[in-house]
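Notes for the one structure printed next.
The values are calculated or read from the model by the stated rules, or taken from the named source; none is laboratory data. All figures in this text were calculated on a predicted structure; none of them were measured in a lab. A quick note on method: Cβ atoms are made from the backbone with ideal geometry, for glycine too, and the neighbour counts reach across all protein chains shown.
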Amino acid sequence: MAANFLHGVETIKSNAGNRPVKLVKSAVTGLVGIAPIGAVNVPILVAADKDMAQFGVDLPGFTIISALDANFDQGRPTSGVVVVINVLDPAIHKTAVANEDVIFNASNDLAALAHPAVADLVLKSGDGLVTYTKDVDYTLAPLTGKLTRKAGGTIALGATVKAASYNYADPTKVTPADIIGGINAAGNRTGMQAFLDTYSLMGFFPKRLIAPVFCTLNSVATEMIAMANRLRARAYIDAPIGITRAQAIAGRGPMGTINFNTSAGRAKLFYPHVKVYDAATNSERMEPLSQRAAGIGNAIDIEKGYWWSQSNNEIAGITGMERTISAMINDPNCDANLLNEVGITTVFNNFGTGLRLWGNRMASWPANTDPETFECVLAVGDIIDESIEYFSLQYTDNPGSKAWADSITESVNGFLRKLRKDGAIVDGRCWFDPADNTVEEMAAGHYVFSRDYMPPTPAERITHKTRVNIDYLNNLLKR
C-alpha cells in the first residue's frame with residue numbers, strides 16, 4: 001500500500017492478470033516390490049536405467065530390477081520415471097544357513113554359496129578347525145554369493161570348505177502386509193503407503209501403480225485400488241500366473257476365483273503373463289504384463305501425449321506369451337476380443353503384428369459405459385483436475401472480487417485452449433456461475449468455478465459401410 005505522504009517518485013507493482021497453469025507429470029510409475037539391497041520403505045526416484053544398480057541385480061524371487069528393466073525396455077528417454085519403494089529389510093526378511101559345504105573350482109578358484117544376497121558369512125575349513133579371513137583368504141561378492149580363493153591365502157587349491165553360518169535376504173519372508181504397508185513406530189509410512197509422501201519429496205505423484213507378483217493377491221490388489229483413488233492414479237493388476245483364458249474371464253464375476261472381481265474405475269486388469277529371456281539361465285521365464293504396460297504408457301505419454309491410448313503398441317523386450325491368445329482384427333470371438341469385452345487388457349499377436357498391448361478399458365467396463373472407462377480419457381481428466389488445483393494455490397486466501405474471479409476463469413480457459421490445440425481435448429471451458437456463488441456461500445469464503453471438457457476417445461471400433469452399386473456398370477458403355 002502506498003505511503004500516506006511522499007514528496008518524490010514511486011513504483012507500485014501489480015500482479016493482476018492471467019497466469020499460466022502448469023501441467024503435472026503423467027509419465028510416472030509407482031513400483032512397490034522387493035530388492036536384495038537398497039533403501040527400505042523410502043520412495044526413490046529412478047530416472048534412468050543406470051539408477052537401477054542401487055537395488056542390485058536381477059535375482060530369482062526379487063521383483064524390482066525386472067520391473068525397472070521392463071519399464072526402460074520401452075524406450076529411453078521416453079519411458080518416463082519410476083518411483084520405487086523397496087520393502088525388503090535384510091535385517092528382518094532373512095534366513096540363516098549353517099554348515100553348508102562350498103567347493104572351490106581348482107581351475108579358476110571360484111565357488112558359490114547356495115543363496116545370493118548374503119551377509120555375516122563365517123567360512124571355515126572342512127573340519128571346522130580353521131576360520132578363514134575375508135580379503136586375506138577369500139573375497140566375497142555379497143550380492144551374488146560368489147567366492148574367490150585368494151592366492152597366498154590358507155585355502156588350498158580346489159578345497160572343500162564349510163560356510164559355518166551366514167544370512168541371506170529371503171524374498172519369501174516378505175508378506176502382503178509388507179507390500180501394503182502402514183505407519184511404523186517412528187511415525188513413517190511404509191510399503192505402498194509411502195507413495196503418499198512423493199509429492200512432498202519430489203513434487204509429483206505416480207500415475208501408474210504396479211506391485212509385480214504381489215498384485216495377483218486380492219489383499220494387495222484392493223489396497224492398490226484404494227491408493228490409486230487417493231493419488232488419482234491407476235492400479236495395474238495382473239491375473240495369477242498359470243490360469244486359462246476362461247478362468248481370467250470368469251474371474252470378472254462372483255463365481256471367479258482370482259483377483260479380477262472388481263468394477264473399480266481406477267483398476268486396469270492384465271492377462272496373460274509374458275515370456276522374457278533370462279541371461280542367467282539362458283532360458284525363458286515368465287514376467288507380469290503390467291510392468292511392461294506401465295513402461296509403454298509412460299513412453300506414449302511422452303512421445304505422443306497422455307491423451308493417447310497405450311493399446312495397439314508393440315511390447316519391447318518380450319519373446320512370447322504364457323498362453324496363446326488368438327487374435328484377429330475382424331473376429332469378435334477371438335480370445336483377445338473376448339478378454340477386452342469384459343475389461344481385461346491382453347496381448348494381440350497375429351501375422352506381421354508382433355506382440356502388441358491390446359485393450360483400452362478400465363475394470364469399470366462393462367458395468368459402467370461412461371467415456372472414463374477408457375484409461376486415456378480418465379487420465380486426461382486427472383491431469384486437468386490436478387493441474388488446475390495446484391495452479392489455484394496462488395489465488396487461495398486472496399480477497400474475492402470480480403477481477404480475481406476473471407483472472408482465474410481466463411487463466412483456466414487459456415489452459416483449456418492450449419489443451420485443445422495440442423489435441424488433448426476436443427473442447428472445454430471454465431466459468432464463474434452466479435447460481436453457484438450465492439451471497440451466503442461467498443460470505444463463508446467459498447467460491448465455485450465450473451468447467452467442462454471432453455477428451456477424444458480412442459477409435460476402439462472402426463466400421464466400414466459398403467454396398468455393391470450397379471450404377472458403376474454404366475461406365476462399361478462409356479468410351
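Below is a table of values for the structure above.
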| read-out | value |
| --- | --- |
| Answer residue from segment 328-364, given it is surrounded by 19 or more Cβ atoms within 10 Å (Cβ to Cβ) and of a type in the set (Phe, Trp, Tyr) and is farthest from residue 318 (Cα to Cα) among those | 358 |
| Selection count, segment 179-215, where residues are buried (at least 21 other Cβ atoms within 10 Å of the Cβ) and closer than 30 Å to residue 248 by Cα | 16 |
| In segment 67-116, the residues that are among the hydroxyl-bearing types (Ser, Thr, Tyr) and touching a helix residue (DSSP H, G or I) at 6+ places or on another chain (Cβ under 8 Å) | 78, 79, 95 |
| Any chance residue 98 is over 30 Å from residue 288 (Cβ atoms), outside the structural domain of residue 290 (by TED's automatic domain parsing), not aromatic (Phe, Trp, Tyr) and not in a strand (DSSP E or B) | no |
| Among (1) touching a helix residue (DSSP H, G or I) at 6+ places or on another chain (Cβ under 6 Å); (2) at positive phi - the single one residue 335 does not satisfy | (2) |
| Residue check for residue 55: at pLDDT 95 or above and either closer than 26 Å to residue 286 by Cβ or within 38 Å of the chain's Cα centre (by Cα) (or both) | yes |
| Test for residue 241: is it touching a residue at least 24 places away in the same chain (Cβ under 8 Å), at negative phi and in contact with a helix residue (DSSP H, G or I) (Cβ under 6 Å, 6 or more places away or on another chain) | no |
| Residue within segment 168-181 that is without any contact (Cβ under 8 Å) to a residue 60 or more places away in the chain and in contact with a helix residue (DSSP H, G or I) (Cβ under 6 Å, 6 or more places away or on another chain) present | yes |
| Residue 21 being in a loop (DSSP other than H, G, I, E, B), under 19 Å from the mean Cα position of the chain (by Cα) and farther than 23 Å from residue 286 by Cβ | no |
| Test for residue 379: is it under 24 Å from residue 14 (Cα atoms) and surrounded by 15 or more Cβ atoms within 10 Å (Cβ to Cβ) | no |
| Subset of segment 50-93 (residues that are buried (at least 19 other Cβ atoms within 10 Å of the Cβ), part of a helix (DSSP H, G or I) and either acidic (Asp, Glu) or in contact (Cβ under 8 Å) with a residue 60 or more places away in the chain (or both)) | 66, 67, 70, 71, 72 |
| Qualifying residue in segment 290-297 (condition: part of a helix (DSSP H, G or I) and of a type in the set (S, T, N, Q)) | yes |
| Output for segment 446-473, where each listed residue is touching a residue at least 24 places away in the same chain (Cβ under 8 Å), assigned to a loop (DSSP other than H, G, I, E, B) and under 30 Å from residue 403 (Cα atoms) | 447, 449, 455 |
| Selection within segment 301-355 - within 20 Å of residue 81 (Cα to Cα) and among the basic types (Lys, Arg) | 304 |
| Candidates 161, 136 - the one that is more than 16 Å from residue 37 (Cα to Cα), surrounded by fewer than 14 Cβ atoms within 10 Å (Cβ to Cβ), of a type in the set (Val, Ile, Thr) and in the same structural domain as residue 124 (by TED's automatic domain parsing) | 136 |
| Residue match in segment 386-396 (condition: free of Cβ contacts under 8 Å to residues at least 60 places away in the same chain, within 30 Å of residue 292 (Cα to Cα), among the β-branched types (Val, Ile, Thr) and surrounded by fewer than 17 Cβ atoms within 10 Å (Cβ to Cβ)) | no |
| Within segment 144-170, tally of residues that are within 30 Å of residue 87 (Cα to Cα) and out of contact with any Pro (no Cβ under 6 Å at 6 or more places or on another chain) | 9 |
| Test: residue in segment 273-292 that is of a type in the set (S, T, N, Q) and surrounded by 16 or more Cβ atoms within 10 Å (Cβ to Cβ) | yes |
